[in-house]
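Note sheet for the following structure.
Values quoted throughout were computed directly from the atomic coordinates according to the rules given, and no laboratory measurement underlies them. Model, not experiment: these values are computed from the prediction. Note that we place each Cβ from the backbone using ideal geometry, even for glycine, and neighbour counts take in every protein chain shown.
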Amino acid sequence: MGKVFKYGDDVNTDVLFPGKYTYTAMEPAEMAQHALEDLDPQFFKRVQPGDIIVAGKNFGCGSSREQAVLAPKYAGVAAVIAVSFARIFYRNCINSGLPALVLPDAARTLEDGDEAEVDLAAGVVRTSKGDFTFPPFPPEVQAILDAGGLIEYLREHYAK
Amino acid sequence: MGKTFSEKVFSAKAGREVRAGEIVTLEPDYILTHDNSAAILKKLPAIGVTRLKYPERAVIVLDHVTPAADSKHAANHKAIREFVAAQGIKHFYDVGFGVCHQVMVEEGFAYPGRLILGSDSHTPTAGAVGAFAAGIGRTETAGVWVTGGLWLRCPETVRLELTGRFQPHVSAKDLALAIIGRIGADGALYYAVEYAGEATEALDIADRMVLCNLAAEMGAKNGYFPPDTVTAQFLGEPDGKHAALHSDEDAEYVQKLGFDLSVLDAMVAAPHTVDNVKPVGELKGKHIDQALIGTCTNGRIEDIRTAAKVLTGRRVAASVRLLIFPASMKVYRQALEEGLVAPLVDAAAVWMNPGCGPCLGAHEGALAPGEVCLSTANRNFKGRMGDPNSEIYLASPATVAASAIAGKIASPREYF
């Protein structure tokens, strides 16, 4: 199981990935180093592959910048669970193949340092505080997640 | 049961009846990108595709870090120019033309009933003239380039009913901040925001652009002003032809909220969220280091006129630098013709080039640790203007101009 990193409401894309890097940090390893930089400066040092971000309402509000999803993903984050998501951030998660789960119960119950893992196929989040189930994604969305992200999905269907 | 505007646009594009909550794949009329085109174009080889499906639907505007702040940004711009030439993209606007959301309206891409997608969160600005315009991410923008379409969920609609008229010192920016302060940064999450009510007839396209731009800060998918005589005049087209693009009388709304413009005072959003909104009086006297008038929110000729009205014959405080970023070169040209440039120079304002400026913290006025900026932009998130220990307050052009004179946050009331 991964470790839970717990944050509050209205976490915005500027603290997830500062705007000053948006057109210069292009490589995955470099993006990862700036993940959550202005929210939790220790995040990149502490995060391990398989860890999970848990947050309050409107997670990822603000800019459309995809690095707000990619930076934590490249840093090892396996899923994001929140009371609710800002809509572009949610779309960016799906398109980047990072599961984003709207699970208010789990988001309110889980605390920093708890353990959790997401089983997408079974539709369940298993945690040190019990299991939380979630409904299936719409077929359009599931197809993208199944492919591993939108790039992979498009490659399967449109590559010439 | 009647349909909302969103349901009508989605149904027309899908070629079948679509209701709120349904997910459908739609082809936008235009797909907007900016400096981030450099990152998006790199996704084409990863997908295994070399050509855009509809190059004539791509609109690319360089505005975010323009002119290039360093060689990395310059290399991005160069890659975009080469891509534009190779793909035969006609709708390309290079450094200095304007902020992308201004260009969409100014150059006529925004039009009643059109579906516009953009890889920028403030794409909803185009709803001011009755388009359905929503922001999307980079990867899915590459998907639109390649396939022509994208999956979209037809949003439910929140109707904001506006009544009354502003006091002279109050404007659309104050109303937008008041709305966000009341409903919160997620108050319209996933929803369409439709502006309605008798007050809309007195709001010009610039006002409507402010209100649609800031719909993004309510969490909305899009903002929308039903086309009317104001729209028709702006487009230079006879009134009435866009009637079919209005929500039906019996359309279903998730929420209806009323706002009385006549009781509003000038408003300010304090750090570090846009919904931390207070009447200007509560923040009066707060020291500022930098003042900014411009960006996609408030860089139009109407905003420059307001700045000139307040600042002509007066001076920016010695402790403050006031930066003015016109939203486009056309706006700047208009300001020149109207004689608004010299009085603002005399007032010690600094005219900058059309573009996003320091709004995203990359250049042209980034803040030092501990500094405070009062800005007409749309975001005051921690660190956004370059340093996590700086502070951003958001307000109207009138409030920013009045505060620049005072050297601290001040009400613009005495100037109107």
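Please identify the GluC sites (Glu not before Pro) of the range B:92-178 that satisfy two criteria: DSSP loop assignment and at most 16 other Cβ atoms within 10 Å. Which are they? Sites meeting the loop and neighbour criteria: B:GLU107. The dipole here belongs to the protein assembly as shown: it is taken about the Cα centre, uses +1 on the Cβ of Lys and Arg and -1 on the Cβ of Asp and Glu, and is about 860 debye. Shielding by partners for peptide B:74-80, expressed as the average number of C-beta atoms from other protein chains within 10 Å of each residue's C-beta, is 1. Between the beta carbons of B:ARG315 and A:GLN42, assuming R0 = 56 Å, the FRET efficiency works out to 0.75 to the nearest 0.05. All C-alpha to C-alpha distances of the range A:70-155, sorted into 10 Å bins beginning at zero, yield P(r) values of 16, 51, 29, 3 percent in whole numbers.
Residue by residue through B:372-384, how many Cβ atoms from other chains fall within 10 Å of the Cβ on average?
Working: counts 0, 0, 0, 0, 0, 0, 1, 7, 2, 13, 6, 9, 10.
Counting other chains' Cβ atoms within 10 Å and averaging over B:372-384 gives 4.
Summing Cβ point charges (Lys, Arg +1; Asp, Glu -1) relative to the Cα centre of chain B gives a dipole of roughly 940 debye.
Assuming a ≥ b ≥ c are the square roots of the Cα gyration tensor eigenvalues, decide whether chain B counts as rounded (a/c under 1.5), prolate (otherwise, with a/b larger than b/c) or oblate.
Working: a/c = 1.74, a/b = 1.21, b/c = 1.44.
Oblate shape, in that a/c is at least 1.5 and b/c is the bigger or equal ratio.
Under the simplified labelling scheme, the B:LEU336-B:ARG19 pair shows an inter-label distance of 5.6 nm, with each label point 7 Å from Cα along Cα→Cβ.
Given Cα pairs under 8 Å that are at least 6 residues apart, what percent is the relative contact order of the range B:270-415?
Working: 347 pairs, mean separation 51.0, N = 146.
Reported as a whole number, the value is 35 percent.
If r is the Cβ-Cβ distance from B:TYR54 to B:LYS278 and R0 is 56 Å, what FRET efficiency results, to the nearest 0.05? Walk me through the numbers on the way to the answer.
Working: r = 46 Å, r/R0 = 0.82.
With R0 = 56 Å, the Cβ-Cβ based efficiency is 0.75.
May I ask you to derive the FRET efficiency for B:TRP351 and A:GLU115 from their Cβ-Cβ distance with R0 = 51 Å, giving the value to the nearest 0.05? List each step's numbers first, then the result.
Numbers: r = 56 Å, r/R0 = 1.11.
Efficiency for this residue pair is about 0.35.
What shape does the protein assembly as shown take by its C-alpha gyration tensor, where a ≥ b ≥ c are the square roots of the eigenvalues and a/c under 1.5 counts as rounded, a/b above b/c as prolate, and the rest as oblate?
Cα axes put the protein assembly as shown in the rounded bin.
Using just the Cα positions, wrap chain A in a convex hull and report its mean projected area in square nanometres, one decimal place. Numbers along the way, then the final one.
On the way: hull surface 36.3 nm².
Reported value for the Cα convex hull: 9.1 nm².
Counting only DSSP beta bridges with both residues in the protein assembly as shown, the antiparallel share comes to about 25 percent. For a test of the definition: using alpha carbon positions, the gyration tensor, and the 1.5 limit on a/c, classify the range B:117-246 as rounded, prolate or oblate. Oblate, because a/c is 1.5 or more while a/b does not exceed b/c.
List the relative contact order of chain B as a percent without decimals, with contacts defined as Cα pairs under 8 Å and 6+ residues apart. Could you put the intermediate results ahead of the total?
Details: 1048 pairs, mean separation 72.1, N = 416.
That works out to 17 percent.
Label separation (B:ARG81 vs A:GLU152): 3.8 nm, computed from points 7 Å beyond Cα along the C-beta direction.
Can you pick out the pairs among A:LYS73/B:LYS43; A:LYS6/A:LYS73; B:LYS78/B:LYS382; A:LYS20/B:LYS173; B:LYS3/B:LYS221; A:LYS6/A:LYS45 whose Cα atoms lie more than 20 Å from each other?
Numbers: A:LYS73/B:LYS43 18 Å; A:LYS6/A:LYS73 16 Å; B:LYS78/B:LYS382 31 Å; A:LYS20/B:LYS173 26 Å; B:LYS3/B:LYS221 17 Å; A:LYS6/A:LYS45 16 Å.
Correct reply: B:LYS78/B:LYS382; A:LYS20/B:LYS173.
If I take every Cα pair under 8 Å that is 6 or more residues apart in the range A:2-158, average their sequence separation and divide by the length, what percent do I get for the relative contact order?
Numbers: 330 pairs, mean separation 36.5, N = 157.
Normalised by residue count, the contact order of the range A:2-158 is 23 percent.
Measure off 7 Å from each Cα along the Cα-to-Cβ vector at B:VAL254 and A:LYS129, then give the distance between these two points in nanometres to one decimal. Distance between label points: 2.6 nm.
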